[in-house]
Amino acid sequence: MSNIFDDARSRLHEVFENVAVTDDVRERLMHPKLALAVSVPVRMDDGRLRVFQGYRVQYDDTRGPTKGGIRFHPDVSLDEVTSLSFWMTIKCAVAGLPYGGAKGGVAVNPKELSRLELERLSRAYIRAIADVIGPERDIPAPDVYTNATIMGWMAEEYSQIRRRQVPAVITGKPVHLNGSLGREAATGRGALFVLQQWAQRQELVPTETTVAVQGFGNAGYHFARLAQEAGYRIVAISDSKGAIHSEEGIDVEQTMHHKRTHRELRAMLYCDASVCDEAQQDTLSNNELLELPVDVLVLAAMENQITAENAGRIRATQILEIANGPTNAEADSLLENRGVPVLPDVLANAGGVIVSYFEWVQNRAGFYWEEAEVNARLQTIAEREAKAIFELADERQVSLRTAAYIQALQRIAGAIRERGTQEYFTEHDVAKAADH
Ligand code: GLU
């Protein structure tokens, strides 16, 4: 699929058939509100000046200020950022947060930059987009290859520009720089709450459920760690370099520890004190991991991982989407026809933005919560919205993704209708016609 945004938008047409929305709403949701392309000049350590291409897209702000992460990745393009901002709009509405959707990004390979270059890039990007962001306008956060440290630099740069402290302009900051406890693990934790609700409905027993996780970044790692704690058997994990597979089950913490110290994935078994045994492992490619016969395939890497090309070879009995847009629209219908349920991104990975919302609330109130409170509030929202979507899917006999979109659209359409002018004119015309 060459155009991700066309693919992303194509889902709306199916949803429009299932939900009564006015032409105003249809038309509004087809176009981003603001798309900004910026040059981001950075002085490199060797004295050269390099200019990177950056973007910020605010898709829709009907329900509140726009919200969404910033990614640093070589493949970032306006098409990708626009799609991601569209998904954020749907996601914030699915979670019932008082936000619209946005996304930003810089086309760069951050692994090739020194730490100081990365800091200069982060600050330069904020200087380039400062006029369009703010706590009441658009609130960035971390995404692929950005993290709390980067959010800290960005929030500080913004405060310098405004000449006052503005912590609520960015979420996902370090805990000691006005961040929220629980934010770092929130995407993985939220995904597990959604999976647990699903497991309950499907009568899946965690200890008898095998899981393969594509992607071992922040979201994939925390999900795998927490899922293992909850009893699930993690049998495969991959990162950008490849995958490991061990039917005995992989110790997630130890595998992460090994990755951090040796920069490679190696399956570790449960450890006794400091002695770890290496598991019997097969090394697989990322594509082979996708085709393993597991109970739950977790997609926590990038978009477009399951397409028409490989959908027929997927042997997992259900899919949990932690990345944004990992299954494209064609693959979606192929999986649906084969009866493979997909727990969709806009529900399954909303934990990150839900706790971002808590961080923004805490920043604005100047009052900080205990981690247990953050996690409990996350659980309430994730379970409530997951349950509502599962019930809606049953009731309307639609896929889980369509049900999530229906739920989001009802909320967005409600807001557009209540502030919109279409009905006013329609009613006005009716009144005029009655007068004559
Ligand atoms: N980047 C994350 C996402 O795609 C988090 C966004 C946020 O916290 O605003 O949902």
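The values are calculated or read from the model by the stated rules, or taken from the named source; none is laboratory data. All figures in this text were calculated on a predicted structure; none of them were measured in a lab. Glycine also receives a Cβ, built like all others from the backbone with ideal geometry; neighbour counts cover every protein chain displayed. When the accessible area is computed, the model is the full protein with side chains, heavy atoms only, and any ligands, DNA or RNA have been set aside. Shrake-Rupley method; radii C 1.70, N 1.55, O 1.52, S 1.80 Å.
Residues that are open to solvent by less than 30 Å² (accessible area, probe 1.4 Å) and within 16 Å of the ligand (Cβ to nearest atom) do not occur anywhere in region 197-214.
Among the residues of region 160-178, is there at least one that is more than 16 Å from the ligand (Cβ to nearest atom), under 19 Å from Leu49 (Cβ atoms) and of a type outside the set (S, T, N, Q)? No, every residue in region 160-178 fails to be more than 16 Å from the ligand (Cβ to nearest atom), under 19 Å from Leu49 (Cβ atoms) and of a type outside the set (S, T, N, Q).
Checking Glu157, Glu80 one by one, the residue that is of a type in the set (Asp, Glu), away from the ligand (no atom under 15 Å from the Cβ) and over 30 Å from Gln379 (Cβ atoms) is Glu157 and no other. Number of residues in region 328-379 that are within 16 Å of the ligand (Cβ to nearest atom) and in a loop (DSSP other than H, G, I, E, B): the value is 3. Cβ-Cβ distances below 7 Å connect the following pairs, each with a first residue in region 130-148 that is within 16 Å of Tyr55 (Cα to Cα), a second residue that is β-branched (Val, Ile, Thr) and open to solvent by 20 Å² or more (accessible area, probe 1.4 Å), and a separation of six or more residues or different chains: Ala130/Ile161. Filtered by the rule that a residue be open to solvent by less than 20 Å² (accessible area, probe 1.4 Å) and in a strand (DSSP E or B), region 215-256 gives Ile234, Val235, Ala236, Ile237, Ser238, Asp239, Gly242, Ala243, Ile244.
Condition check ((1) surrounded by fewer than 22 Cβ atoms within 10 Å (Cβ to Cβ); (2) at pLDDT 95 or above; (3) under 21 Å from Ile406 (Cβ atoms)) across all residues:
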| site | (1), (2), (3) |
| --- | --- |
| Phe86 | no, yes, yes |
| Ile90 | no, yes, yes |
| Ala95 | no, yes, yes |
| Gly100 | no, yes, yes |
| Gly104 | no, yes, no |
| Leu116 | yes, yes, no |
| Ala128 | yes, yes, no |
| Gly134 | yes, yes, no |
| Arg137 | yes, yes, no |
